[in-house]
Amino acid sequence: MPPVFPMLTVLSMFYYMCLRRRARTATRGEMNSRRAIESNTRALPINVEIVQYAKEVLDFSSHYGSENSMSYTMWNLAGIPNVYPSSGDFTQTAVFRTYGTWWDHCPSARLPFRRTPPTFCSQDYVELAFEEPVYPTAVHILETYHPGAVVRILACSANPYSQNPPAEVRWEILWSEAPTKVNGPQARQFTPCIKQINFPTNLIRLEVNSSLLDYYTELDAVVLHGVKERPVLSLKTSMIDMNDIDEDEDEEKYDCGMDTLNKQFSIVTLREWPTNGYFDKLPYELIQLILSHLTVPDLCRLAQTCKLLYQHCCDPLQYIHLSLQPYWARINDTSLEYLQSRCTLIQWLNLSWTGNRGAISVSGFSRFLKVCGSELVRLELSCGHFLNETCLEVITEMCPNLQELNLSSCDKIPPQAFNHIAKVGSLKRLILYRTKVEQTALLSILNFCSELQHLSLGSCVMIEDYDLIASMMGAKCKKLRSLDLWRCKNITESGIAELASGCQLLEELDLGWCPTLQSSTGCFTNLARKLPNLQKLFLTANRSVCDTDIEELAANCTRLRQLDILGTRMVSPASLRKLLESCKDLSLLDVSFCSQIDNRVVLELNANFPNVFIKKSFTQ
């Protein structure tokens, strides 16, 4: 016969469990307090701290400098400080390629991936090797100009100097924080409070976000403090506490009790509820929309809750756009295998920064694309050092609809492998920044990929004749809207003339640090007259840019938004005023190291044209 008062019995059981748990917690707290007092009275073992500067720069995503010099390159982070504690713009420091949000507001800007977790904001990285593996106690970053870009510091379990590669590579975050605005560009030593890790490391990774900076951040050196032996308080604190075991057992009993209680409640009052709550009553499309706001790890966790949500979380429609870059440290062949069945309809895929140090194999990448590549339109593979010729061949065979391919800083791909890209005639965007693409392969790509709209060839040092490349662009790539020729060493007025005549839809052109271009040949005047749609023009470090060039831009390129003429000696304040009056949409004007533009002129221009960010760099 059932009890007359089932609810009273249930409440009695719940009250008894609460009292028992409270008594147990109090006893355990007293024991923990005694252990803490006893451990504090013991002397810690002596462990000498080791202080070391970075021995070598192993990897990085971008830098301002050239591949064939030391000025403004990441390699300056190795060794002792060159500049610190001085402040200012110095060539002996490490500088990343971008800063601010200017690159997000130009024709070549790419749409962001959805589902990027808010905790991931890194834009660039650099990896540093140190001589001795240590348990880190502090990391000092010497920032000499516009500090505040570092957002994450990580440590790796792999020793880059070991002859035996580890079976497993682990990355641990020592410190992480959202980007912050630092008042003033002065030098500082940045020493965040880092967490302790349980393995020694001599490989440190810095990740940066420069979006809040007014100019390029400059780093001088990184100092790693650490000890050789893992810090331990005392022997007793590492022993198993019997009270902790009892607590786990009691937790299981408590959970069972709560389960029983919930079942009784559901029997008494909630018998008519459906198995999956109200989710069974929602339209399929509405549940899909709700789940589309979850990150990938959250989707995977939610899939374990019930059959209905498992079905929704595994629906390929949830993986049309997939960015795995935020999880680069955890992505491997197994991850791709796990996601393979869910990504059969994927159109955008971001594998940037993933797969290094053997995490992704050529075979694992190939298997994934053979199943999931048919619908791919956009493929991001920046800094994917596992890529080789086989990978590029698989991409071109398995991704017939590909329109965007990013191979930025994939500097391990052999030169001959780039020939395969010519097979993808549907390409509209191709990023080859800091790759080893050769002239023959590039000519083939330009010849067969006539739909190209955005092309990045910045710091591609193996191209011998940029005039020939520019001529081919002018003849074949009539739809080109943005072109990055940053630090190409041999383009002349002849190539510029061919380019301007054939690619008249150009809205963005980066000719920064191209020393063979001379204003006296009329190349910049020709650009201004032939390319009226220009919105962004970088003529960085071209000493020959003069008033005539600026006046031609003012007369013909009224849609100009960004102009960089850093380093010119021949531009006067008068021509800049004409430019600012004519180009109403201008938002960025870099006149750093322009000898005729002093701080007084900049202040005057800022007062008269408050909507324009006018940058004047300095050196102390």
Notebook entry, point to check: Out of the residues in the range 380-423 that are open to solvent by less than 10 Å² (accessible area, probe 1.4 Å) and among the β-branched types (V, I, T), which is farthest from G364 (Cα to Cα)?
Noted result: I421
Note to self: Residues that are out of contact with any helix residue (DSSP H, G or I) (no Cβ under 8 Å at 6 or more places or on another chain), closer than 22 Å to N332 by Cα and loosely packed, with under 15 Cβ neighbours inside 10 Å: does the range 146-154 have at least one?
What the structure shows: no
Check: Any residue at all in the range 428-436 that is modelled with pLDDT of 95 or more and either β-branched (V, I, T) or under 25 Å from R330 (Cβ atoms) (or both)?
Finding: yes
Check: Taking the range 196-233 on its own, how many of its residues are in a loop (DSSP other than H, G, I, E, B) and over 28 Å from S162 (Cα atoms)?
Finding: 10
Check: assigned to a helix (DSSP H, G or I), crowded, with 20+ Cβ neighbours inside 10 Å, free of Cβ contacts under 8 Å to residues at least 40 places away in the same chain and not assigned by the TED database to the domain that holds S62 - does that describe any residue in the range 318-325?
Finding: yes
Next item on the list: Among the residues of the range 67-86, write down those that are of a type in the set (S, T, Y) and at pLDDT 95 or above.
Entry: S71, Y72, T73, Y84, S86
Check: Which of the strands (runs of 3 or more DSSP E) contained wholly in the range 515-608 include at least 1 residues that are assigned by the TED database to the domain that holds C503 and over 28 Å from K479 (Cβ atoms)?
Finding: 588-590
Next item on the list: Scan the range 86-143 residue by residue and report those that are among the polar types (S, T, N, Q) and in a loop (DSSP other than H, G, I, E, B).
Entry: S86, S87, T91, Q92, T93, T98, T101, S108, T116, T119, S122, Q123
Next item on the list: For the range 153-176, state whether one or more residues are under 20 Å from E218 (Cβ atoms) and not hydrophobic (A, V, I, L, M, F, W, C).
Entry: no
Notebook entry, point to check: Is the range 91-114 home to any residue that is surrounded by fewer than 16 Cβ atoms within 10 Å (Cβ to Cβ), touching a strand residue (DSSP E or B) at 6+ places or on another chain (Cβ under 7 Å) and modelled with pLDDT under 95?
Noted result: yes
Next item on the list: Pull up the range 363-399, narrow it to residues that are assigned to a helix (DSSP H, G or I) and acidic (D, E), then point me to the one that is farthest from the chain's Cα centre (by Cα).
Entry: E397
Notebook entry, point to check: If we scan the range 272-295, do we find a residue that is open to solvent by less than 70 Å² (accessible area, probe 1.4 Å), within 30 Å of V126 (Cα to Cα), at pLDDT 50 or above and outside the structural domain of T98 (by the TED database)?
Noted result: yes
Check: Is there any pair with a first residue in the range 90-115 that is closer than 24 Å to S592 by Cα and touching a residue at least 12 places away in the same chain (Cβ under 8 Å) and a second that is polar (S, T, N, Q) and in a helix (DSSP H, G or I) whose Cβ atoms are under 8 Å apart and which are 6 or more apart or on different chains, and what are they?
Finding: Q92/N76; T93/N76; A94/N76
Next item on the list: Quick one: which residue in L499, L527, L506 is modelled with pLDDT of 95 or more, out of contact with any helix residue (DSSP H, G or I) (no Cβ under 6 Å at 6 or more places or on another chain) and surrounded by 22 or more Cβ atoms within 10 Å (Cβ to Cβ)?
Entry: L506
Margin query: Given the condition in a helix (DSSP H, G or I) and crowded, with 23+ Cβ neighbours inside 10 Å, answer yes or no: does some residue in the range 432-444 qualify?
Written below: yes
Next item on the list: Please verify whether the range 480-490 includes one or more residues that are at pLDDT 95 or above, in the same structural domain as Q562 (by the TED database), crowded, with 23+ Cβ neighbours inside 10 Å and among the acidic types (D, E).
Entry: yes
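The values are calculated or read from the model by the stated rules, or taken from the named source; none is laboratory data. As the structure is a prediction and not an experimental result, all values here were calculated from the model. Quick reminder, even Gly has a Cβ in these numbers, built from the backbone with ideal geometry, and neighbours come from all protein chains shown. Side chains are part of the model used for accessible areas, which takes the heavy atoms of the whole protein and leaves out ligands, DNA and RNA. Shrake-Rupley method; radii C 1.70, N 1.55, O 1.52, S 1.80 Å.
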